[in-house]
Structure formats: C-alpha cells, structure tokens
Amino acid sequence: MHKKLVLIVVSLVLISCNEVLVKSEFKATNNGSWAKDDVIEFSFSEVDTLQTHDIFINIRNDNSFSYNNLFLIAELDFPSGEKVTDTLEYEMALPDGTWLGKGYGDIKENKLWYKEKIVFPTSGVYTLRVAHAMRKNGLVNGVENLEGITDVGFEIVKSNK
C-alpha cells in the first residue's frame, strides 16, 4: 500500500510539473550562423486567455560565439493586429569568459526572460519574430553572420500567481 501511495504522489508531481509548460519550440540556424536578415518566426494559438504567462527566448550557443552579450529584436504580433517590439540585451558570459546557461560540452542553452505575467487577451494566432541586432563596437552596420548561435527558440509557461 505504501509503495502505491508513493507512486501515485510521484506521478501527480510529474504530471503537474508538465502542466506549467504551454508551448516550447526551437529552430536551428544555418550551420551555427545566424544571418542578420534571418528573422526567426514562431506562431502559436492555443493559449488560455485568462491565465497569466511568462515568455522566454531560448538561445543555444557554442564556443564559436565570440561576444559576452547578445542583442535581439523581438516582435510579438497579436491576433488583433497590435504589435509589440522590444530591443533586448542579454548577458551570455561572465567577464572572465565563462559561459552562462546550462549544458555540458560545447553547447550552452540560455533561457532568457522576454515577457513576464503577460495575458493573451484574445483567441487567435500570435506570432513571435526574433532577429539579432549585433554590432561591433564603433561600427554602424550590423554583424552580417553571427557565428555560434546554433538554435533559437521560445517557451511559454503559466505564471505563478
């Protein structure tokens, strides 16, 4: 009887942990190189319009990424036609060059805050577009091909109330 109870409790905990995740998706860059004009796009539609959510942008990088920070432009399109555009900066490494993020070996995955406690007010298709906005110091033109970013993704989770 005791073993059955433990099994049921563990199962419920595992199931409830998965209920927090609403949507997660990754798209690979072109052989670990993210072109300046390559806007990575994700669409989603089945979200609870009453629940608050947190959105993360997930980035996988390898050792060929040669910057401490990452600048992104994110645009979230609502079904109503409203657009929210944000310029974002994320720290990818410590000053001593140690990569932030999780993972073993050459690939690190960074879960970066994008929107906190957002409510998707209407049903319909939402679109998230992500582009890099990297520049070398003192130069106006952006980095044409950002080396070392292997995958770009996003994740939506239910917020803690």
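Some notes on this structure:
- Label-to-label distance, nm, for residues given as R129 and T49 (7 Å Cα→Cβ offset): 2.5 nm
- Backbone amide hydrogens, once placed in the peptide plane, bring A133 within less than 5 Å of F71, L72, I73, excluding anything fewer than 5 places away on its chain.
- Lysine pairs meeting the criterion (Cα under 17 Å, 8 or more apart or interchain), as found in the chain: 15
- Solvent-accessible surface of the chain, taken per residue with a 1.4 Å probe and all protein chains present: 61 Å².
- Here the ratio of the Cα radius of gyration of region 20-69 to 2.2 N^0.38 Å is 1.49.
- Low-density loop positions, GluC sites (Glu not before Pro), region 19-74 - DSSP coil, at most 10 other Cβ in 10 Å: E19, E46
- When the helices of the chain are scored as -39500 (n - 2.57) per DSSP H run of n ≥ 4 and the total is divided over every residue, the value at 222 nm lands at -3500 deg cm²/dmol.
- E25 long-range amide H proximity, modeled H, under 5 Å: F154
- Inter-part distance where region 109-125 and region 22-60 are each reduced to a Cα centre, Å: 10 Å
- Placing one equal scatterer on every Cα of the chain and applying the Debye formula, the log10 ratio I(q)/I(0) at q = 0.12 Å⁻¹ is -0.61.
- Protein accessible area in the chain, 1.4 Å probe - carbon and sulfur %: 54 percent
- Annotation note: GluC sites (Glu not before Pro) in region 62-161 located in DSSP loop regions with a Cβ neighbour count of at most 13 within 10 Å are E82, E144.
- Each Cα pair under 8 Å and six or more residues apart adds its separation to the average, and for the chain the resulting relative contact order is 43 percent.
The values are calculated or read from the model by the stated rules, or taken from the named source; none is laboratory data. Note that the structure is predicted; figures quoted are calculated from it, not measured. Counting neighbours? That spans all protein chains shown, and the Cβs are built from the backbone with ideal geometry, glycine included. The area values use the complete protein model at the heavy-atom level, side chains included, leaving out ligands, DNA and RNA. Shrake-Rupley method; radii C 1.70, N 1.55, O 1.52, S 1.80 Å.
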